[in-house]
Amino acid sequence: MYIMKKLTINHGAVWVSVVLLSVLGFVWYGVIFDKQWMAFVGLDLATIEANPPGAKIWISNIIATIIPVYTLAWLFVKLDIESWMEGAKTGLIIAFSFVFLTIMISNMFAQAPYGLSWINGGNALVSLTLTGAVLGAWRKYA
């Protein structure tokens, strides 16, 4: 008798992805694009140091990371994604279609600097592609 494996959400992969995305966000906005991003949004280091973000922004950030990663994991189960490459491609397509293009259009209407769209949209592209690769590679079966 043949027993079919049923793909399920791998909570370990989800939480590893959440940590990776937190590190990526720090590196992306705090190291690679820190000066450009601050200039585009009208901030400087003195202003940030004088008005440090409270716990509410970090709690919101974690929640806003956990929900999409779990949603992507759920979607991967439904789509039967079973490789890191398939996961990365799916994450990239979702990021480009639903996040990157939305950021670009929203920023264009808001007359925000064009470079800001690329920084924020680029972060989404890299984040969801990386998450897709992790979730696709690290599968769990019931």
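Since every read-out is calculated from the coordinates, none of them should be taken as a lab result. As the structure is a computational prediction, the values presented were derived from the model and not from experiment. Using ideal geometry, Cβ is built from the backbone for each residue, glycine included, and neighbour counts are taken over all protein chains shown.
A few remarks follow.
- Only Lys, Arg (+1) and Asp, Glu (-1) charged, at Cβ; the range 9-141 dipole about Cα centre in debye: 220 debye
- Simple spin-label estimate for residue 112 and residue 26 in nanometres, 7 Å along Cα-Cβ: 2.4 nm
- Nearest-0.05 FRET efficiency for residue 19 and residue 43, computed from C-beta distance (R0 30 Å): 0.70
- With Cα atoms, 0 to 90° folded angle of helix 11-27 axis to the chain main axis: 20 degrees
- Legend: translational diffusion of the range 89-142 by Stokes-Einstein, Rh = Kirkwood radius over C-alpha pairs, 20 °C, 1.002 mPa s; D = 182 µm²/s.
- Counting lysine pairs in the chain that sit 8 or more residues apart in sequence, or on different chains, and whose Cα atoms lie under 17 Å apart gives 6.
- Segment residue 138-residue 51, extension gain: residue separation times 0.36 nm, minus the distance between their alpha carbons: 27.3 nm
- 25 °C / 0.890 mPa s Stokes-Einstein diffusion coefficient of the chain, Kirkwood radius on C-alpha pairs, µm²/s: 149 µm²/s
- Nearest 10 degrees, 0 to 90: helix 55-79 Cα axis against the chain principal axis: 30 degrees
- Relative to the dominant Cα principal axis of the chain, helix 84-94 is inclined by about 50°.
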